[in-house]
Each structure stands twice: as structure tokens, then as C-alpha cells.
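Below is one structure; the comments refer to it alone.
Here, each number is a calculation from the coordinates, and none is a lab measurement. Quantities reported herein were computed from a predicted structural model and do not represent experimental measurements. FYI the Cβ positions are ideal-geometry reconstructions off the backbone, even for glycines, and counts take in every protein chain you see.
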Amino acid sequence: MIDNALVVLNSLSGKKEAFEPINPGHVGMYVCGPTVYSNVHLGNCRTFISFDLIYRYLKHLGYKVRYVRNITDAGHLENDEDTGEDRIAKKARIEKIEPMEVVQFYTVDFHQTLEKFNTLPPGIEPTATGHIIEQIELIKEILEAGYAYQVNGSVYFDVLKYNETHHYGKLSGRKIEDLIHNTRSLEGQSDKKNPQDFALWKKAEPQHIMRWPSPWSDGFPGWHLECTAMSTKYLGASFDIHGGGMDLKFPHHECEIAQSQAIHQQPPVKYWLHANMLTLNGKKMAKSTGNNILPMDIFTGNNDKFKKPYSPQVVRFFMLQAHYTSILDISEAALDAAEKGYHKMVKAVDQLSTIEPGEKEGDFDTDQWLKKCYAAMDDDFNSPSLIAQLFDAVNFINTILHKDHPIHKTQWETLHKMMNVFIHDVLGIAPEKKSNDATESKLNKTIELLIELRNKARVSKDFETSDQIRDQLMEYGIQLKDGKEGTQFTLH
Ligand SMILES: [Zn+2]
């Protein structure tokens, strides 16, 4: 048994609850992954970084964690009302490529981006298209249980029938009367008996290219079904943690509960955890309004929102300075402050290694400090509170360095070990690669020389040469950016 005082905020009860996994020592965790039809956006990254923190801390406590995070590569339509095109099929149509090319391209982008943020990969990363058979079997079971109906080759979940014996809406705090009242009825456009019902299987229109045979029609599964199929397959009918972004509470997670409960007659998830959203400069991020930024564009500095690039570790550190259940706003000022704090922390830990401890006790209670660090993380993975403790230690380290204060050998050992454990293992901040300063300075001078030659070429209107320099450097991962203060460069 792992002895811990961990409490988690369960979205289902709205309360903090003691964390007691179904099988002692083991944790089953499912997190809704991305729909791979565009570059992963920063808000999604925050969700995955939040669950990476949770995964890391559970592992640190000694749990054996089975972490499943899916890839949605079919069935996610444009609208929650089961209307519109499949997002991946639409992208494939516009780009004139195969849907699986879209999937491959954006899955790679997703992995590369999360790797930059130093997130650990899940143990299992199943795809919706890889589990069509499981989804069809699940629909058969739901039909048999009497909670679904078939119309014109499509199968829908009967929400009203389900709600007679269960509470549909209990996770998101919705009442069925309000749902009936507020759901748009799509006159003549839908085969649904009631507008709040949701699709388990959709018959494909002749032009729909992503289709599979089933007992009902050639078609494709509804989006909510894949998570029930894959979580049940890998974690069982009831498991410990289900995570995702706050925006997935309704309808996605509500539908998952209904599907699973309908056939297993037990709640699928013990603890529902939801990560809150990220805003940009005080406003909701949205492609349509232009208030949007891609993670890679922050790292390269190639964007119109911030004046300079920020490293993935700084952005990760910035995100962890807020609790995962709070709304977080990203702005230049906030990133600058995070960058300063990050460097101060990393520098102090680096310098701690060089300090010679003695026999005299320093003015810092390391045992108490360690307890406070664990208390922070045990309180629903409170990373900002842990970071505050780390900075208490940073201040102590700085008094040793700059004011000649003493530190005892045992104090040093605890601090040295645990600062590294909390920063690297728990918060997941990657140790920075130490670059060779001399080589770096030579490289910088070489690039500056090329920038100068390019400028000369441009002045003499030799655009062939100037473009060649820019494009060739870009190919090597060196991006030039012309601005008021001359040409800057960033390394990718
Ligand atoms: Zn899901």
C-alpha cells in the first residue's frame, strides 16, 4: 500500500476526495487525446501538460500507472449535434490528400510538440480507426440493453430512456428538462427521435470517404463511442481517473458515462479530473478571431503576439505556475516573469552543486520544507504551491552563496536531491542542455556574417543571392526575421 495523503478534485462530486485507487498500488488513467486534423493548439498542450504532471506525481508516489491517451482519427464531426463533415475528411478534401495522410501528419506534429514540452508518452495510445470492431460490438450491447435505436442505417443513443433510470447530465450539472428545452431541433435534417440523442453509428453519405461496414450500414462510429470502447478495452468497465479539457465535460464525457453505464450498470470512472482553459492576452483563443498562437511559433519567435521567442521549458514552467483547474492567461509580461523565475531557479540549483557543506546547521528546516512540498502536491497536484516552496529553498541557497550563510551536510543532501526530483521528475522541467559557449559564439558570428552578406546582396538588388542565403539557412533550421532593429535569427 502506498501511504499518501493525496486528495483530488473530482468533477463528478465537485469536491476534493481522498485518492484511493480501485486496485491498491495501481492506477488506470484515461485522457482524451487530440483530433488530429490541425496543429495541436496551445490550450490543448496545457491540458496534456497538466495530465503529465498528474502522471508523473502518481508514478513518483510509487503507483504503477497505466496511462491511456487516444488519438481521434475518425468520427469527430464539425458540430456537437452530429452534423457537419468529419473534421479529418474535410481537411483531406480541402488539401486533396488521403484522410490517413492528414492523420499521420498531425499525429507527428502532436508528438513532436509534446516532446518539446518534455511530456512523457502514455503507455497506450490507441486510435479510433484501430478500434472499429470494438465500437461495433459496444453498439450491439447498447442496443441489446435497450438504450439505443436504429433509423435508416444510423444508430442513436436514447437519452430520454436512459434518463428514466439514470441522471444524464450529472457530471456537467445539467438537468434533462433544460437540455430538452435548449437543444436545437434540426427539423427534417436528423433521424433522431429527440434532438438531445447522440449518434453511436452514422450511415455514410455516398461522398463520405471514411467508412466501414457494420450490421446497420456502411458508415462510421460517433465520436463519443471511441473513448468508451478504448477505455473499457484497456482499463476495464470501471477505472480510476478520466481526464480531459473542461470543454469536454459536455457532451463528450456525459455521453461516455451514459454509454458505459448503460451496458456495465456501474459508473465507469471513480475520479473525473478536468484541466481548465488557457486564454491569450485576456481573451479566449480562437482561430477565427486571430487571437491564437501555435506552440512552435512561441519557440521560434515567429509570431505577431510576442517580441521574442520563449523556450518550451519556460512555457511549461509558466503553465505549472497556475493550478490546472484555474483559467490561465498567457501574455508577454507573464512569460517574461516566468522566464526570469525559471532562470533564477535553475541557476540556484546549479550553484547548489558547487557549494561545500559543513558541520554548522543553516537557517532552514529541510524536513519541514520537504513536508510542505509533498503537502502541496498532495493537495490536488498544486504545482504553484510546490513552486512557491522551491523558491523558499532558492532564497536559502542564495543566502549561502551571497551572504556566506552555512549549510549542514544533511541539509545539503536533502536539498540537492529533492530540488532535482521536484523540478525534473515531478514538474517535468527538462534539464537544459549545456551548450559549448565557444562553439556557440563562433556559430553566432558565422550567421551574423551571412546576414551581412545577405543585406549587401539586397542593397545591390541581387535578390537571387539574398533569397538563397535566407532559404538555405531556413533549411538548416536557422530562421531570419527582419525587423526595425535589423535582422534577428532564431534556431529551431
Ligand atoms: Zn474522449
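Miscellaneous remarks
- Just so you know, the Cα atoms of the range 341-492 work out to an Rg and Dmax of 23.2, 70 Å.
- Our coupling estimate for the range 242-255, obtained by passing each phi through the Karplus curve with A = 6.51, B = -1.76, C = 1.60 and θ = phi - 60°, is 10, x, x, x, 3, 5, 8, 3, 10, x, 3, 6, 4, 5 Hz, Gly and Pro reported as x.
- Volume per residue that the Cα convex hull of the range 279-426 spans, once the total is divided by residue count, Å³: 115 Å³
- Lys409 sits among other residues whose Cβ lies under 12 Å from its own Cβ, and their net charge, with Lys and Arg +1 and Asp and Glu -1, is -3.
- Restricting the range 329-405 to GluC sites (Glu not before Pro) in coil, as DSSP defines it, with at most 15 other Cβ within 10 Å: Glu359, Glu361
- Amide H to amide H, with H built 1.01 Å from N, Ile71 comes under 5 Å of Thr127, Ala128, counting only residues 5 or more places away or on other chains.
- Distance between the 7 Å Cα→Cβ label points at Ile97 and Ala237: 4.3 nm.
- All lysines inside 16 Å of Lys175 as judged from Cα atoms, apart from same-chain residues fewer than 8 positions distant: Lys161, Lys249
- Exposure proxy order (Cβ contacts within 10 Å, fewest to most) of Val269, Val421, Val65: Val421, Val65, Val269
- The orientation-averaged shadow of the Cα convex hull for the range 438-491, equal to a quarter of the hull surface, comes to 3.7 nm².
- Note, ³J(HN,Hα) from phi for the range 67-72, Karplus 6.51, -1.76, 1.60, rounded to Hz, x at Gly and Pro: 9, 10, 9, 8, 10, 8
- Under the criterion of Cα pairs below 8 Å and six or more residues apart, the relative contact order for the range 279-426 equals 22 percent.
- Near Asp425, once Lys and Arg are set to +1 and Asp and Glu to -1 for all other residues with Cβ below 11 Å from its Cβ, the sum equals +3.
- The chain, relative contact order in percent, only Cα pairs under 8 angstrom and at least six apart counted: 16 percent
- Distant alpha-carbon pairs in the chain (separation over 38 angstrom), percent: 37 percent
- Dividing the mean sequence gap of close Cα pairs (under 8 Å, 6+ apart) by how many residues the range 438-491 holds gives a relative contact order of 20 percent.
- Over the chain: helical MRE at 222 nm, DSSP H runs n ≥ 4 each giving -39500 (n - 2.57), nearest 500: -14000 deg cm²/dmol
- Placing unit charges on the Cβ atoms of the charged side chains and taking the dipole of the chain about its Cα centre, the candidate lying farthest along the positive direction among Leu53, Leu352, Pro251 is Leu352.
- Each Lys or Arg adds one and each Asp or Glu subtracts one; over the other residues with Cβ under 9 Å from the Cβ of Lys16, this totals -2.
- The loop-placed trypsin sites (Lys or Arg not before Pro) in the range 359-415, going by DSSP, that have at most 13 neighbouring Cβ atoms within 10 Å of their Cβ come out as Lys360.
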